[in-house]
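Right, one structure below, let's go through it.
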Amino acid sequence: MNARERVIGAIRREALDHVLILGGNHARKVLTDYQDHCNGPRPHRYRQQLPPSATERPAIVHDLDDRSMLRTRVLGGLINEYLYAA
């Protein structure tokens, strides 16, 4: 299986299998949102769990009880991204 087949399979499994596409514009919106998620905050195994947009490892958070978590819903809640509040 080559890289293109893996990417297409991931898009299908993680997004398109769970969304009823209502037309061309909707398909473009779904694929753009998924692309932004994959190329933004989503960690990648081949980058030692760093997202593509990161240049260095984030600081380790020790006071987890004092921090609140923020959730961002992608694709209507199909995918959730989590960040610690500043």
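Side notes on the structure shown:
- Subset of segment 48-86 that is charged (D, E, K, R), open to solvent by less than 90 Å² (accessible area, probe 1.4 Å) and farther than 30 Å from Asp17 by Cα - its residue that is modelled with the highest pLDDT: Arg67
- Count of segment 15-34 residues which are over 17 Å from Thr72 (Cβ atoms) and either among the aromatic types (Phe, Trp, Tyr) or surrounded by 10 or more Cβ atoms within 10 Å (Cβ to Cβ) (or both): 9
- When segment 35-46 is filtered for residues that are open to solvent by 60 Å² or more (accessible area, probe 1.4 Å) and either assigned to a helix (DSSP H, G or I) or hydroxyl-bearing (Ser, Thr, Tyr) (or both), the ones remaining, listed by number, are Gln35, Asp36, Asn39, Arg45, Tyr46.
- Residues that are under 14 Å from Cys38 (Cα atoms) and assigned to a helix (DSSP H, G or I), drawn from segment 10-26: Ala10, Ile11, Arg12, Arg13, Glu14
- Within segment 5-18, residues that are on the phi > 0 side of the Ramachandran plot reach no partner that is open to solvent by less than 100 Å² (accessible area, probe 1.4 Å) and of a type in the set (Ser, Thr, Tyr) with beta carbons closer than 7 Å at six or more positions or on different chains.
The values are calculated or read from the model by the stated rules, or taken from the named source; none is laboratory data. Because the structure is predicted, anything quoted here is derived from the model rather than measured. For neighbour counting, all protein chains shown are included, and Cβ atoms are generated from backbone atoms with ideal geometry for every residue, glycine included. Accessible surface areas use protein heavy atoms only, side chains included; no ligands, DNA or RNA. Shrake-Rupley method; radii C 1.70, N 1.55, O 1.52, S 1.80 Å.
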